[in-house]
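Report on one structure; see the data block that follows.
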Amino acid sequence: MSKYIGILTAGGDSPGLNAAIRGVGKAVLGHYGMHIVGFRDGFRGLMENRTAPLDGGQLSGILTVGGTILGTSRDKPHKMPVGGKILNMLDTIAGNYRDNHLDCLVCLGGGGTLKNALRLKQMGLNVITLPKTIDNDVAGTDITFGFDTALGIATEAIDRLHSTAHSHHRIIVVEIMGHRAGWLALGAGIAGGADVILVPEIPYDVDSVAEAIRARARGGKPFSIVAVAEGAVSKQDLAAIAAARAKGNKSAKLKDGRKLDDQEADAAELLYADRTLRLAKSLEALTGLEARVTILGHVQRGGAPSAADRLLATRLGTACADLIAKGTFGVMVAAKGDGTRPVKLEDVAGKVKTVPLNHPWIGSARRVGTNFGD
Ligand code: F6P
């Protein structure tokens, strides 16, 4: 009996998703003679049993297309918004899995998708995940598809910002995606020659950043590029949050998983809000140079995948089909060197791959004079 495979894309979209869908689909259909069906909009479409055919021409011409032909959502199987309530829909999802006679469900996603796929595994479903996110913060894999493309987009943006900063003798603060880990800001900051790189892993001192900028001005370069990750936070902000924590008692979960009490949460949300704008204003006041802000946002997630991401997504997709043929389930297909390896979902779900403080990229940046705000 040939196998029936379901596939969905969940979480933030990223370049390379369609290349991965194509890699899984073509290998499953053409090489292994199995069947495949897509589910729309992540776990929500699986819960609502909204399917998308993938056994016709749908896989042609999508290798180079950004986004996901299936659509995506951040909805969670166990906390699904339904009719104005938040419901646990795991049983409905398991029922749809069985009603579609699936032998395996392939989930393309990042950290959140890993946790959701593990929940389905614990329900007895055969699941395999592929590591996707422009943040590159998925544990257990060398790299995620989407990262290389976003790295190129952010680097090209920094290249362009150099000329306007130089012309106007300004500080340009460019915010780069990455709430939990600074891989994208670090990589693009190095590749784009940013003078300052601020990442979540290294809480920064605004005064240290300002002094680095002043030193450049004294050296005849009255302009600087500051690459700041979305999740980077100043020591000053952390002190304000700690003060709020001292007054609070209940803990509230924040986006990055940090436990704070209600007052802290308010303070932190306030502090997180407009953080990049506040940083630019502080630097302007401390250096006497004009400062401007560019927030790259979702531009980093759009458009055609790079060649490296197409190659990676295809490799991971076909390796996924190989695992299905072997009956290996409950794993993430991790990139490992030129190859791949299956990693148990239990070993990576809920983990974030942050930038180690002794990572060679940080050392390399410091050697060319980059300031990290420390
Ligand atoms: O997880 C990828 C990512 O792009 C993060 O870098 C960013 O903080 C987040 O998604 C944005 O989420 P959304 O697209 O839901 O606004």
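The values are calculated or read from the model by the stated rules, or taken from the named source; none is laboratory data. Everything numeric in this text was worked out from a predicted model, so none of it was measured. Here the Cβ is made from the backbone with ideal geometry for all residues, glycine too, and neighbour counts use every protein chain on show. Just the protein is used for accessible areas: all its heavy atoms, side chains included, with ligands, DNA and RNA removed. Shrake-Rupley method; radii C 1.70, N 1.55, O 1.52, S 1.80 Å.
For this structure, a couple of remarks:
- Residue match in segment 48-67 (condition: in contact with a Cys (Cβ under 8 Å, 6 or more places away or on another chain), part of a helix (DSSP H, G or I) and in the same structural domain as Ala321 (by TED's automatic domain parsing)): no
- Residue within segment 28-40 that is assigned by TED's automatic domain parsing to the domain that holds Leu120, closer than 19 Å to Thr144 by Cβ, of a type outside the set (Lys, Arg) and touching a residue at least 60 places away in the same chain (Cβ under 8 Å) present: no
- Qualifying positions in segment 96-118 - open to solvent by less than 20 Å² (accessible area, probe 1.4 Å) and either of a type in the set (Gly, Ala, Ser) or assigned to a strand (DSSP E or B) (or both): Cys104, Leu105, Val106, Cys107, Leu108, Gly109, Gly110, Gly111, Ala117
- Residue within segment 229-242 that is open to solvent by less than 10 Å² (accessible area, probe 1.4 Å), in a strand (DSSP E or B) and in contact with a Leu (Cβ under 6 Å, 6 or more places away or on another chain) present: no
- Unique match (being under 16 Å from the mean Cα position of the chain (by Cα), at pLDDT 95 or above and within 10 Å of the ligand (Cβ to nearest atom)) among Asp148, Asp135: Asp135
- Within segment 150-184, the set of residues being closer than 23 Å to Gly66 by Cα, open to solvent by 10 Å² or more (accessible area, probe 1.4 Å) and among the β-branched types (Val, Ile, Thr) comprises Ile153, Thr155.
- Comparison of Pro53, Pro15 shows that the only residue that is at pLDDT 95 or above and within 20 Å of the chain's Cα centre (by Cα) is Pro15.
- Thr144 vs. criteria closer than 30 Å to Thr64 by Cβ and open to solvent by less than 10 Å² (accessible area, probe 1.4 Å): yes
- The set of residues in segment 1-35 that are within 16 Å of the ligand (Cβ to nearest atom) and of a type in the set (D, E, K, R) contains only Asp13.
- Residue in segment 158-192 that is nearest to the ligand (Cβ to nearest atom), counting only those that are in a helix (DSSP H, G or I) and farther than 27 Å from Thr354 by Cβ: Arg160
- Single residue of segment 338-364 satisfying the filter (open to solvent by less than 50 Å² (accessible area, probe 1.4 Å) and not aliphatic (A, V, I, L, M)) that is farthest from the chain's Cα centre (by Cα): Gly363
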